[in-house]
Amino acid sequence: MSRALPSPSPIDAVPPAGPLWLLAVQHVLVMYAGAVAVPLIVAGALHLSREDTAFLVSADLFCCGLATLVQSLGLGGFGIRLPVVMAATFASVGPMIAIGGNPALGLPYVFGANLVAGVVGILAAPLIGRLLRLFPPVVTGTVITVIGLTLVGVAVNWAAGGVGAADYGAPINLGLAAVVLLGVLALLRHGRGFIANIGVLLGLAGGMVVAALAGRVDVSGLREAAWLAPVVPFHFGTPKFELWSCVTMCVVLFIVFVESTGMFLALGDIVQRPVDRPALVRGLRVDGLATLLGGVFNAFPDTSYSQNIGLVALTGVRSRWVCVLAGAILIVLGLVPKLAVLVASVPPAVLGGAGLVMFGMVTANGIRVLGLVDFQGRRHNLLIVAVGVGLAMAPVAAPAVFDQLPKALAPLLHSGIALATLACVALNLWFNGLGGARSSEPLSPEPPHA
């Protein structure tokens, strides 16, 4: 009897076989490239030295690990206790470059603004949690779908060799991506138990072997990298505060809240643990806490990473303890630069092969949720989905479409997920009214107690 995907395990259960750390390594490898992209982009735009750039990357990984631990494990009133991996959000890149590149300001003002935004976010999380009823299946299904659609472009760029690569689109890159894609599919189709659960990791490992034989693995800088480099608070000086910088980062964090709400609802549906208001508030508090930690340790606002959601959907392994261990690994990577260099040596094309199937799975789950929506009796629901998907694709299909609008709106306008979320919530209120915005009914049946 054939099986396309492994059966999911209970959310808090230990995976069926094999060491937990391999599953955690799989999560780290999948999201690593996106996680370090933000500090590299900011450091490049601000013309930081090689040493300061390396410190930013280490600090970012360290804070991602701390946030992941709190989010997945739970600590008091913080943490959604789902299999979540946190990483720096791209919504913060533009504003941080604008603040840090201002001759009158600089990086101390970036981290000062993060401190303020973090405190405001922690205090405001309960207010945002009250908006959960605005996310019925027609909204959540559309948001989950566009999360996957917007990520497909990321996977395609990886498969081609990475944006800006001199050999972008070269046959060797596309070939490596194809090898990984076929390997992952074969393992998911024919693998059993733990082998199927780590199908993505094994596919990446196989791709790394092929890439190494082809001379495509670059480990330059490994010898020079230190074995241990502690992440020191306030590395760039005492945080400083400026009104509009603080307001800007607060706006960015609220945009992150919008994106995170969609991510949490998507993940809750995939693991069959519908997210209620208290869980959402605990999850959003960690977004604020991560931003606060970023202000202390010279890092950036974090959010639940979409790549992680795709991996959970694909493998069916839903244990949050996998992500708890992934958080610990991220902390180690932040403290041990040599290990970080090794992980960074995975070619983008290898990641692209796995990304194509993972991100497609997110889209497929969104379509499944939309299958619960009444499109016959309430035909205007089609309009909600159509406009949401259309707006989400605008910055993906034409990245420069909003360039003539005020720069202050860039974090919102260049996030297809945030645009789709806000549009779908507004249109659902318009067409269905507040009475039609019910999220108390679970999107999927409650799982049996482990």
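Side notes on the structure shown:
- Filtered residues of the stretch 124-183 (kept if over 13 Å from Leu356 (Cβ atoms) and in contact with a Ser or Thr (Cβ under 7 Å, 6 or more places away or on another chain)): Leu132, Arg133, Phe135, Pro136, Val143, Thr145, Ile147
- Filter result for Ala87 (farther than 30 Å from His47 by Cα, touching an Asp or Glu at 6+ places or on another chain (Cβ under 9 Å) and of a type outside the set (D, E, K, R)): no
- Residue within the stretch 99-111 that is within 22 Å of the chain's Cα centre (by Cα), outside any strand (DSSP E or B) and in contact (Cβ under 8 Å) with a residue 60 or more places away in the chain present: yes
- For Met393: the one exception among (1) modelled with pLDDT of 80 or more; (2) farther than 30 Å from Gly316 by Cβ; (3) part of a helix (DSSP H, G or I); (4) open to solvent by 40 Å² or more (accessible area, probe 1.4 Å): (2)
- Pairs, first over 18 Å from Gly388 (Cα atoms) in the stretch 419-446, second at pLDDT below 50 and outside any helix (DSSP H, G or I), C-beta under 7 Å, six or more apart: none
- Residue under evaluation Leu213, criteria (1) of a type in the set (A, V, I, L, M); (2) over 30 Å from Leu370 (Cβ atoms); (3) touching a residue at least 12 places away in the same chain (Cβ under 8 Å), criterion not met: (3)
- Criterion violated by Val200 - all others in (1) crowded, with 19+ Cβ neighbours inside 10 Å; (2) out of contact with any Leu (no Cβ under 8 Å at 6 or more places or on another chain); (3) in a helix (DSSP H, G or I) satisfied: (2)
- Number of positions in the stretch 204-258 that are surrounded by 15 or more Cβ atoms within 10 Å (Cβ to Cβ) and among the acidic types (Asp, Glu): 1
- Some residue of the stretch 67-77 being over 20 Å from Ser319 (Cβ atoms), surrounded by fewer than 22 Cβ atoms within 10 Å (Cβ to Cβ) and in contact (Cβ under 8 Å) with a residue 60 or more places away in the chain: yes
- Evaluating Phe359 against the criteria (1) under 28 Å from His27 (Cα atoms); (2) of a type in the set (Phe, Trp, Tyr); (3) in a loop (DSSP other than H, G, I, E, B) leaves one unmet condition, (3).
- Unique residue being under 22 Å from the mean Cα position of the chain (by Cα) and not in a helix (DSSP H, G or I) when the list is Gly162, Gly169, Gly148, Gly141: Gly162
- Restricting the stretch 413-434 to residues that are more than 22 Å from the chain's Cα centre (by Cα) and open to solvent by 60 Å² or more (accessible area, probe 1.4 Å), the residue that is farthest from Leu149 (Cα to Cα): Leu434
- Qualifying positions in the stretch 155-176 - open to solvent by 50 Å² or more (accessible area, probe 1.4 Å) and either in contact with a His (Cβ under 7 Å, 6 or more places away or on another chain) or among the hydrophobic types (A, V, I, L, M, F, W, C) (or both): Val156, Val163, Ala166, Ile172, Leu174
- In the stretch 81-127, the residue that is nearest to Arg320 (Cα to Cα) out of those that are β-branched (Val, Ile, Thr) and modelled with pLDDT of 80 or more is Val84.
- Scanning the stretch 319-356 for residues that are part of a loop (DSSP other than H, G, I, E, B) and either within 28 Å of Val163 (Cβ to Cβ) or not small (Gly, Ala, Ser) (or both) gives Val336, Ser345, Val346, Pro347.
- Residue in the stretch 254-270 that is assigned to a loop (DSSP other than H, G, I, E, B) and not aromatic (Phe, Trp, Tyr) present: no
- Unique match (being free of Cβ contacts under 8 Å to residues at least 60 places away in the same chain and either closer than 27 Å to Val152 by Cα or out of contact with any Asp or Glu (no Cβ under 8 Å at 6 or more places or on another chain) (or both)) among Ala226, Ala279, Ala313: Ala313
The values are calculated or read from the model by the stated rules, or taken from the named source; none is laboratory data. These numbers come from a predicted model, not from an experiment. Please note: Cβ atoms are built from the backbone with ideal geometry, for glycine as well, and neighbour counts cover all protein chains shown. Just the protein is used for accessible areas: all its heavy atoms, side chains included, with ligands, DNA and RNA removed. Shrake-Rupley method; radii C 1.70, N 1.55, O 1.52, S 1.80 Å.
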